[in-house]
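Comments concern the structure below.
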Amino acid sequence: MDPIERTLPAGRLVIRQADPTSERDLADILEMTGEYAKDPMGLGRPMTPEETALLAERLPDVAGSVILMAWLDGRPTGIATCFGGFTTFSASPLLNIHDLSVREGARGMGIGAELLRAVKRIASEMGCNRVTLEVREDNAARRLYEREGFDYGTPTMYFMKAPVEPALSE
């Protein structure tokens, strides 16, 4: 995907795919993921140094990851961290938005919408037939997702989770 460049009243916006194997991009990914973690819609607390180090170590090796970053006047301002999946009934790839966040002071400028459009564009280029995301019912960004074409499915789909203990390798 070619970078997207826009001029906003607040400055110059650039959105492009970030490379977690690049030290500079990884630093920006970690900064924005750390910002998102502190938000009540994220972890609601800062990531620990151990969590940050583990993310820095493992993220570059995750197959099928797509990370789009938004920079406003060169400052990391938004992130969409996505992972590829597969839908069996249509035998097609899909792209799941695992994290979408815009720095608090930059919300309401259209950066989140631009990130969502960029995710949909790259998903199309990858041959995906859909983009999915999970969202908390108390997340104000639900209105943004709905405006950008996301729906809850018919019948309504629910996201469920079950914790598992990782197997230890010898």
If each part is reduced to its alpha-carbon centroid, the stretch 110-154 and the stretch 1-54 end up apart, in Å, by 18
Highest GNM mean-square fluctuation among LEU133, LEU100, LEU115, for the chain with Cα springs under 10 Å, belongs to LEU133
Across SER90, SER22, SER124, the residue with the highest GNM fluctuation in the chain (Cα network, 10 Å cutoff) is SER90
If you place +1 on the Cβ of every Lys and Arg, -1 on the Cβ of every Asp and Glu, and leave all else neutral, what size is the dipole of the chain about its Cα centre, to the nearest 20 Debye? 700
When the accessible area of the stretch 41-170 is split by element with a 1.4 Å probe, what percent falls to carbon and sulfur? 55
Let's see if you can work this out: charge +1 on each Lys and Arg Cβ, -1 on each Asp and Glu Cβ, no other charges. What is the dipole magnitude of the stretch 103-170 about its Cα centre, in debye to the nearest 20? 360
Using a 1.4 angstrom probe with every protein chain in place, what is the largest-first accessible-area order of THR156, THR132? THR156, THR132
Compute the orientation-averaged projected area for the chain from the convex hull of its Cα atoms and round it to one decimal in nm². 11.6
For ASP61 and PHE89, extending 7 Å from Cα along the Cα-Cβ vector and measuring point to point gives, in nm, a value of 3.6
Could you work out how far apart the two model spin labels at ARG75 and GLU104 are, taking each label as a point 7 Å from the Cα in the direction of the beta carbon, and quote it in nm? 1.4
Mean accessible area per residue over the chain (1.4 angstrom probe, all protein chains present, square angstrom) is 63
To the nearest 0.05, how large is the calculated FRET efficiency for ASP138 and GLU31 if R₀ is 25 Å and r is the Cβ-Cβ distance? 0.45
Hull surface divided by four, with the convex hull built on the Cα atoms of the stretch 15-99: how many nm²? 6.3
Run the numbers for LEU8 and LEU54: contour at 0.36 nm per residue of separation, minus the present Cα-Cα distance, in nm. 13.1 nm
With springs connecting C-alpha atoms under 10 Å apart, model the chain as a Gaussian network and identify which of MET109, MET160, MET32 has the largest mean-square fluctuation. MET160
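The values are calculated or read from the model by the stated rules, or taken from the named source; none is laboratory data. Fair warning: this is a prediction, and the values are worked out from it, not measured in the lab. As a convention, Cβ positions derive from the backbone with ideal geometry for all residues, glycine included, and neighbour counts pool all protein chains shown. When the accessible area is computed, the model is the full protein with side chains, heavy atoms only, and any ligands, DNA or RNA have been set aside. Shrake-Rupley method; radii C 1.70, N 1.55, O 1.52, S 1.80 Å.
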